[in-house]
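Peer 1: After the structure tokens below, expect a handful of questions from me.
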Amino acid sequence: DLVKIDVASGRLTPLKNLPKGPKTNIQWSPNGKYLAWAGRDSDDGPYSTRNLDLWTCDASGRNARCLTKNTDWCLMACVLSDTADVSFAPNLQWSHDSKRVLVSIGWHGQSHIASIPRNGKGARMLTEGRAVISPGNCSRDGKTIAMMLDQPATLPEIHVGRIGATKITPRRITSFNDAYLASRSIRTPSVRWVRSTDGTRVQTWMITPPGYRKGRTYPAILEIHGGPHAQYGESFFHEFQVLASAGYIVIYSNPRGSKGYGEDHTSAIHGSWGGKDWEDIRSVTDWMKKQSSINTKRMGVMGGSYGGYMTLWVIGHTNDFAGAITDRCVSNLVSMGGNSDFVDVPDMYFPGAFWDCPDQMWHSSPIRTMGNVETPTLIIHSEGDLRCNVEQADQVFAALQIRKVPCTFVRYPRETSHGMSRNG
């Protein structure tokens, strides 16, 4: 619900006739006549495979309108990074004249500032290029916007830009990381689209090692992102650069379930992990095996959270990889249903309930296929992880130890959290 509160009296006035779904990042227009928020007209919570749209209404709550219904954009399509704070929260703000709303849109691995008129017609991107742009505040006169600009071979820096009707051209004003970058061999990833089993195009990046030469073969690592409703993209990823500097070719992609490619791409795995997402990961793996620069006997796979889940799914369904790292994993969706800080609500995401109708959750659980695993595996988990309880890793470790699969468990104390590999 959306409620106005009179500051002096404390009187509450509910705004009626609004869509029933979630409403987040609510913003008053500068002229005080309108409200804008990110939401959807459904019972889904914020974590959903459906797009999170931009909505506006009059200050009284009348004339509610979805301004992004004619796009396939989602206001929660964030691009992941390990060198900048990643927020799944939508970013939106009114223009100075209250005639349009500026929003952050993640699309095809990039993140840009879009301008959406109050009437919902003529939405357009104001920035472009291989970058992840995170908007900050606008100046008092509404003509200039601050932003953080992140690129795959350049660490994030602060920029400013004049807000035009059709374009914002960022101008860099900080150089915090220049000395560091000059002292390192930083590699720019190449981009390609890999065809999946049913023809779906999966955007895929490849980073080659410093000194890379055609005609040589290199070990390779497939990285799988978490979420799963997020995306890899045009951001600086320290982990990837470290692995490339150690001599690996690094591959990462956005299989179905990822945000940034439209609602159908994300919804393809709704209630059915290990389906279309695995088809896409398998297709990327097959593509890796066809690359003359990759030593197919020295391929590794790794990921965290849902990426840890999919790493386990991969090694339970193929022996293509010589080693695996599963970090803060999901292994058993049935047991996780009741011990995560994100409790599984019956029939909301997965069909059934974890206590009496767990069929689909069990079918989608990697622990079910641990009897097939032959891949040496490193497990990393934190006892303080409230999202994916450490028992998820305990089950994998127990299964692999019993089966005598080479396995090491690095277990961090309860002072650490689900985000340890990102923020320490």
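Peer 1: How big is the dipole moment of the range 14-168 about its Cα centre under a simple scheme where the beta carbon of each Lys and Arg is +1, that of each Asp and Glu is -1, and everything else is neutral? Debye, nearest 20, please. Spell out each step's value before the answer.
Peer 2: Values: 19 positive and 13 negative charges, 165 e Å.
Dipole size: approximately 800 debye.
Peer 1: Residue-wise, which Karplus ³J(HN,Hα) couplings in Hz belong to the range 132-148, taking 6.51 cos²θ - 1.76 cosθ + 1.60, θ = phi - 60°, and x for glycine or proline?
Peer 2: Each residue's phi maps through the Karplus curve to give 10, 10, 10, x, x, 7, 8, 5, 4, 7, x, 9, 10, 10, 8, 7, 9 Hz.
Peer 1: Give the share of C-alpha pairs in each 5 angstrom bin for the range 1-145, from 0 to the last occupied bin, in whole percents, shortest bins first.
Peer 2: 2, 9, 19, 22, 20, 15, 8, 4, 1, 0, 0
Peer 1: In addition: Please report, in debye to the nearest 20, how large the charge dipole of the range 261-416 is about its Cα centre when each Lys and Arg carries +1 at its beta carbon and each Asp and Glu carries -1 there. Numbers along the way, then the final one.
Peer 2: Details: 13 positive and 19 negative charges, 176 e Å.
Dipole of the range 261-416, to the nearest 20 debye: 840 debye.
Peer 1: Which ³J(HN,Hα) values in Hz, rounded to whole numbers, follow from the phi angles of the range 189-200 under the Karplus curve 6.51 cos²θ - 1.76 cosθ + 1.60, where θ = phi - 60° and Gly and Pro get x?
Peer 2: Values, residue by residue: x, 9, 10, 8, 10, 9, 7, 7, 4, 9, x, 4 Hz.
Peer 1: Hey, another quick one. Could you give the Stokes-Einstein D for the range 254-307 in µm² per second, using the C-alpha Kirkwood radius, 4 °C, 1.567 mPa s?
Peer 2: Details: Rh = 12.4 Å.
Translational D for this selection: 104 µm²/s.
Peer 1: Counting Lys +1, Arg +1, Asp -1, Glu -1, what net charge surrounds residue 416 among other residues with beta carbon under 9 Å of its beta carbon?
Peer 2: Details: positive: 414; negative: 383, 385, 415.
Residues near residue 416 contribute -2 overall.
Peer 1: Further, regarding this structure: Name the long-range amide H neighbours of residue 83: under 5 Å, sequence gap of 5 or more, or other chain; modelled H, no Pro or chain starts.
Peer 2: Placed amide hydrogens put 238 under 5 Å from residue 83.
Peer 1: Which three semi-axes in whole Å describe the equivalent ellipsoid of the range 271-391, each the square root of 5 times a Cα gyration tensor eigenvalue, listed largest first? Display every interim value, and only then the final one.
Peer 2: Working: eigenvalues 152, 51, 25 Å².
Its equivalent ellipsoid spans semi-axes of 28, 16, 11 Å.
Peer 1: Here's another thing I want to ask about it. So for 391, 157, 383, what's the accessible-area order with a 1.4 Å probe, most first?
Peer 2: Details: 391 40, 157 5, 383 85 Å².
Output order, biggest surface exposure first: 383, 391, 157.
Peer 1: Okay, moving on. Rounded to the nearest 10 Å², what accessible area does residue 363 have for a 1.4 Å probe in the complete protein model?
Peer 2: 100
Peer 1: Given the DSSP H assignment, sum -39500 (n - 2.57) over each helix run of at least 4 residues in the chain and divide by its residue total; what's the result at 222 nm in deg cm²/dmol, nearest 500? Mind showing how you got there, number by number?
Peer 2: On the way: 9 runs with 70 residues, N = 424.
Value at 222 nm, helices only, nearest 500: -4500 deg cm²/dmol.
Peer 1: Can you list the HN-Hα couplings for the range 83-97, worked out from phi with the Karplus curve (6.51, -1.76, 1.60; θ = phi - 60°), rounded to whole Hz and with x for Gly and Pro?
Peer 2: Those phi angles translate into 10, 8, 5, 9, 10, 7, 6, x, 10, 8, 7, 6, 6, 4, 8 Hz.
Peer 1: Taking the alpha-carbon distance from residue 143 and a cut-off under 15 Å, which aspartates and glutamates remain once sequence neighbours fewer than 8 residues away in the same chain are dropped?
Peer 2: Leaving aside aspartates and glutamates fewer than 8 places away in the same chain, those within reach of residue 143 are 97.
Peer 1: Figure the gain on full extension for residue 348 and residue 87 (residue separation times 0.36 nm, minus the Cα-Cα span) and round it to one decimal in nm. Working shown, then result.
Peer 2: On the way: separation 261, 0.36 × 261 = 93.96 nm, distance 2.33 nm.
Stretched fully, the residue 348-residue 87 segment lengthens by 91.6 nm.
Peer 1: May I pose another question? How many angstrom separate the Cα center of the range 46-66 from the Cα center of the range 297-363?
Peer 2: 32
Peer 1: Could you compute the net charge surrounding residue 148? Neighbours are other residues with a C-beta less than 11 Å from the C-beta of residue 148; K and R count +1, D and E count -1. Don't skip to the end; give the middle numbers.
Peer 2: Details: positive: 172; negative: 85, 150, 157.
Around residue 148, the charge tally is -2.
Peer 1: Express as a percent, rounded to the nearest 5, the fraction of DSSP beta bridges in the chain (both residues included) that run antiparallel. Spell out each step's value before the answer.
Peer 2: Working: 53 of 81 bridges.
Bridges in the chain are about 65 percent antiparallel.
Peer 1: How tilted is helix 306-315 with respect to the longest principal axis of the chain? Cα atoms for both, answer in degrees (0 to 90, nearest 10).
Peer 2: The answer is roughly 30 degrees.
Peer 1: Suppose we look only past 28 Å in the calculated P(r) of the chain. What percent of the Cα-Cα pairs does that tail hold?
Peer 2: The share of Cα pairs beyond 28 Å in the chain comes to 53 percent.
Peer 1: Which three numbers, in whole Å and largest first, are the semi-axes of the equivalent ellipsoid of the range 341-424 derived from its Cα gyration tensor as √(5λ)? Mind showing how you got there, number by number?
Peer 2: Values: eigenvalues 115, 85, 16 Å².
After scaling each eigenvalue by five and taking roots: 24, 21, 9 Å.
Peer 1: Which entries of 99/259; 69/290; 121/259 have Cα-Cα distances beyond 31 Å here?
Peer 2: Values: 99/259 28 Å; 69/290 41 Å; 121/259 23 Å.
Pairs exceeding the cut-off: 69/290.
Peer 1: So how much accessible area does residue 33 have, in Å² to the nearest 10, using a 1.4 Å probe?
Peer 2: Residue 33 has an accessible surface of roughly 120 Å² with all protein chains in place.
Peer 1: Something else: Given N residues in the range 190-230, what is Rg(Cα) / (2.2 N^0.38 Å)?
Peer 2: For the range 190-230, the normalised Cα radius of gyration is 1.48.
Peer 1: How do 347-358, 110-121 rank on mean C-beta neighbours within 10 Å, highest first?
Peer 2: Numbers: 347-358: 16.0, 110-121: 19.1.
Packing proxy ranking, top to bottom: 110-121, 347-358.
Peer 1: Note down the magnitude of the dipole of the chain about its Cα centre, charges +1 on Lys and Arg C-beta and -1 on Asp and Glu C-beta and zero elsewhere, to the nearest 20 debye. Let's see the in-between values first.
Peer 2: Details: 47 positive and 39 negative charges, 328 e Å.
The dipole of the chain has a size of about 1580 debye.
Peer 1: Amide H of residue 127 versus every other amide H placed in the peptide plane: which residues, excluding those fewer than 5 positions away on the same chain, fall under 5 Å?
Peer 2: So residue 127 has HN proximity to 113, 168.
Peer 1: Calculate the radius of gyration of the Cα atoms of the range 185-339 to one decimal place, then report Dmax, the largest Cα-Cα distance, as a whole number, both in Å.
Peer 2: Over the range 185-339's Cα set, Rg and Dmax evaluate to 15.1, 52 Å.
Peer 1: Further, regarding this structure: Taking Cα centroids, how far is the range 166-189 from the range 251-291 in Å?
Peer 2: 30
Peer 1: To the nearest 10 Å², what's residue 29's accessible area with a 1.4 Å probe?
Peer 2: Its heavy atoms expose roughly 10 Å² to the probe.
Peer 1: Take the solvent-accessible surface of the protein heavy atoms, probe 1.4 Å, and return the percent of it on the range 348-395 that carbon and sulfur atoms account for.
Peer 2: Values: 1160 of 2070 Å².
On the range 348-395, the fraction of accessible area on carbon and sulfur atoms equals 56 percent.
Peer 1: Give me, ordered by chain and number, the residues 5 or more places off residue 385 or on other chains with an amide H under 5 Å from its own placed amide H.
Peer 2: Sorted by chain and number, the residues that satisfy this are 390.
Peer 1: In what sequence, highest mean first, do 127-134, 289-296, 141-148, 247-254 appear when ranked by Cβ atoms within 10 angstrom?
Peer 2: Values: 127-134: 20.0, 289-296: 13.8, 141-148: 16.0, 247-254: 22.4.
For the peptides 127-134, 289-296, 141-148, 247-254, the packing ranking is 247-254, 127-134, 141-148, 289-296.
Peer 1: As a test of reading the structure, rank 236, 409 by solvent-accessible area (1.4 Å probe, protein chains only), most first.
Peer 2: On the way: 236 5, 409 40 Å².
Accessible-area ranking of 236, 409, largest first: 409, 236.
Peer 1: Let me ask you something else. Express the Stokes-Einstein translational diffusion coefficient of the range 100-247 in µm² s⁻¹, to the nearest whole number, given a Kirkwood radius over alpha-carbon pairs, 20 °C and a viscosity of 1.002 mPa s. Present the calculation step by step, with values, prior to reporting the outcome.
Peer 2: Details: Rh = 17.5 Å.
For these conditions, the coefficient is 123 µm²/s.
Peer 1: Taking only protein heavy atoms into account and a 1.4 Å probe, give the accessible area per residue of the range 179-242 in Å². Can you show the working numbers first?
Peer 2: Values: 2730 Å² over 64 residues.
Value returned for the range 179-242: 43 Å² of accessible area per residue.
The values are calculated or read from the model by the stated rules, or taken from the named source; none is laboratory data. A quick note: this is a predicted structure, and the numbers were derived from the prediction, not measured. A quick note on method: Cβ atoms are made from the backbone with ideal geometry, for glycine too, and the neighbour counts reach across all protein chains shown. Ligands, DNA and RNA are stripped out before the accessible areas are found, and what is left, the full protein with its side chains, is counted by its heavy atoms. Shrake-Rupley method; radii C 1.70, N 1.55, O 1.52, S 1.80 Å.
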